[in-house]
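**Student:** Structure incoming, see below.
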Amino acid sequence: MATGNRTLKLSILADVDDLKKKLNEANGDVEVAATGMEKFGNKAAAAFKLAAVAAAGMAVKIGVDAVKAASDLAEEVSKSQVIFGDGADEIEAFASKAAKAFGQTKQQAIQASSSFAVFGKAAGLAGNDLVKFSTDFTGLASDLASFNNTSPEDAIQAIGAALRGEAEPLRRYGVLLNDATLKQAALELGIYDGNGALTAQQKVLAAQKVIYEQTTDAQGDFARTSDGLANKQRILTAEFENIKAKIGEVLLPMVLKFVTFITDSVLPNLTKFAEFFKPITQAIMDNKEVFQAFADFITTYVVPVLSFALGNALKSVGVIAGGVIDIVGGVIRAVESAVSGAISAINAVIRAYNAIPILPNIPTIGGSASVATAATSTATASTATSSATAAQQASAASRAGTTVNNITVRAVDAEGASRAVAKVLSQSSARSIPALAGTSVRGN
């Protein structure tokens, strides 16, 4: 049996490549997610900024509208106090409930009541009678608008027109007013004896009676249909306008203080600042005739003199420039004439030289060479040349004082003939030698 200790050593090797790959992929996903979050954050920040700007703009608009609504309401309340006197508080209390009761804003209800009160006063009404006359017509206008699907504003105008004696506007609401109807109503009210025309007071009271008698179906329609969408919208709109007016009532004192500061402090100081310039303005006004005389002097004397002087100067420059141009043109023409004469003389010498048959031709200046010897080449596939044609050419050349050498080219194609002629022309001695030994070209 063996004794002693033995050690068993195990090495465990792990493949970490896949782990590294997964970690890298995870890291990449995290970076992509972080980038996406950063972009989202930037966009969200920009959106919040835009929303903040829009909210600020909306807040300013609401503030301006609220102040205006509060100011309009205050004006109507003040007007009603003048018209109704002690009954103004009842009118304001009535108008405070007009949004839910009639779909009208507080400002609209007070305004309508004040408009109807003018006719009630003309009919001799006052106190509670005047308040009732005005508020009843204001409520009727909402009923007519609800019943006929129009607006309270339109119905208010139609009733007001009827009280003024205009029957047509209220006819759209089913009310027919004419003189006979009004007189009958006045008789029933006991305010007319049947003789003569109705007074303005009688017409208003008679019209009131007829309007209510012919609108019985529409009366109370707003309350009956207040749960409908149309009237719910009217109520909501009126309530919203009332809220704006309440906000404006809070802002109005601050705005009023600001406007007061501008009118009482800023504008007077600006006026004082403007007064600093008053002496300058006054001096200009006091010397207006002197300034006008100076302007006339400039226009009458200075401007014409300057125009004349500048005109003559420019004219002199033009004359000098024209003379210089004429001189340069004359020189150019003289040089051109001299050069042309020299060229003509040289060309005459060249033509005399070219007239010698045994010498090679020289081209003239500005033209082609004057060839004293004309070569007529005829290339034929049968190697035959027409002697009659050559004789005719020689005879014609003789009459013209020109020596003609006919060259017969023995070639079977046009290309061979062209090469043979080019070779002959390149040898200046061949111009006057009729026999060309050692070639396929023979001169006649």
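**Student:** If you take the beta carbon distance between Ile327 and Thr260 as r and set R0 to 56 Å, what does 1/(1 + (r/R0)^6) give as a FRET efficiency, to the nearest 0.05?
**Tutor:** Working: r = 86 Å, r/R0 = 1.53.
After rounding to 0.05, the efficiency reads 0.05.
**Student:** Counting residues in segment 278-370 as N, plug N into 2.2 N^0.38 Å and put the Cα Rg over that result. Spell out each step's value before the answer.
**Tutor:** Values: Rg = 35.4 Å, N = 93, 2.2 N^0.38 = 12.3 Å.
Ratio of Cα Rg to 2.2 N^0.38 Å: 2.87.
**Student:** Cα centroids of segment 105-119 and segment 173-210: how far apart, whole angstrom?
**Tutor:** 24 Å
**Student:** In nm, give the distance between the simple-model label positions of Thr271 and Val349, each being 7 Å from the Cα along the Cα-to-Cβ direction.
**Tutor:** With each label point 7 Å from Cα toward Cβ, the separation is 10.7 nm.
**Student:** Out of residues 5 or more away from Arg164 or on other chains, whose amide H comes under 5 Å of its own, with H placed 1.01 Å from N in the peptide plane?
**Tutor:** none
**Student:** How do Asp326, Asp179 line up, fewest other C-beta atoms within 10 Å first?
**Tutor:** Starting with the residue having the fewest Cβ neighbours, the order is Asp326, Asp179.
**Student:** R0 = 45 Å: FRET efficiency of Leu176 with Lys246, Cβ-based, nearest 0.05?
**Tutor:** Working: r = 42 Å, r/R0 = 0.94.
After rounding to 0.05, the efficiency reads 0.60.
**Student:** Could you give the length gained by full extension between Ala342 and Gln233, i.e. 0.36 nm per residue of separation minus their alpha carbon distance, to one decimal place?
**Tutor:** Values: separation 109, 0.36 × 109 = 39.24 nm, distance 10.95 nm.
So the extension gain works out to 28.3 nm.
**Student:** What does the net charge come to around Gln219 if you take all other residues with beta carbon closer than 13 Å to its beta carbon, with K and R at +1 and D and E at -1?
**Tutor:** Numbers: positive: Arg224; negative: Asp136, Asp143, Glu213, Asp217, Asp221.
Result for the local shell: -4.
**Student:** Follow-up. Take the Cα coordinates of segment 158-256, assign each an equal point scatterer, and use the Debye formula without solvent to give log10 I(q)/I(0) at q = 0.10 Å⁻¹.
**Tutor:** Per q value, in the given order, log10 I(q)/I(0) is -0.48.
**Student:** Hey, another quick one. Between Phe294 and Ser316, what FRET efficiency follows from the Cβ-Cβ distance if R0 is 45 Å, with the result rounded to 0.05? If you can, show how the numbers build up before the last one.
**Tutor:** On the way: r = 32 Å, r/R0 = 0.70.
Plugging the Cβ-Cβ distance into 1/(1 + (r/R0)^6) gives 0.90.
**Student:** Still on this structure, please answer the following. Could you run the Karplus curve 6.51 cos²θ - 1.76 cosθ + 1.60 with θ = phi - 60° over segment 234-247 and give me ³J(HN,Hα) per residue in whole Hz, x for Gly and Pro?
**Tutor:** Residue by residue, segment 234-247 yields 4, 5, 4, 4, 5, 4, 5, 5, 5, 5, 4, 5, 5, 4 Hz.
**Student:** Still on this structure: Please list the non-local residues whose amide H lies under 5 Å from the amide H of Gln104, H modeled 1.01 Å from N, same-chain partners needing a gap of 5 or more.
**Tutor:** HN-HN under 5 Å from Gln104: Ala99.
**Student:** What does the charge count around Leu251 come to, taking other residues whose C-beta lies under 12 Å from its C-beta (Lys +1, Arg +1, Asp -1, Glu -1)? It would help to have the intermediate numbers written out before the result.
**Tutor:** On the way: positive: Lys68, Lys244, Lys246, Lys257; negative: Asp65, Glu249.
Summing Lys/Arg as +1 and Asp/Glu as -1 gives +2.
**Student:** With θ set to phi - 60°, apply the Karplus curve 6.51 cos²θ - 1.76 cosθ + 1.60 along segment 69-76 and write out the HN-Hα couplings as whole Hz, x wherever there is a Gly or Pro.
**Tutor:** 4, 5, 5, 4, 4, 4, 5, 5
Here, each number is a calculation from the coordinates, and none is a lab measurement. All of these numbers come straight from a predicted model, not from anything done at the bench. Every residue, glycine among them, receives a Cβ derived from its backbone with ideal geometry; neighbour counts consider all protein chains shown.
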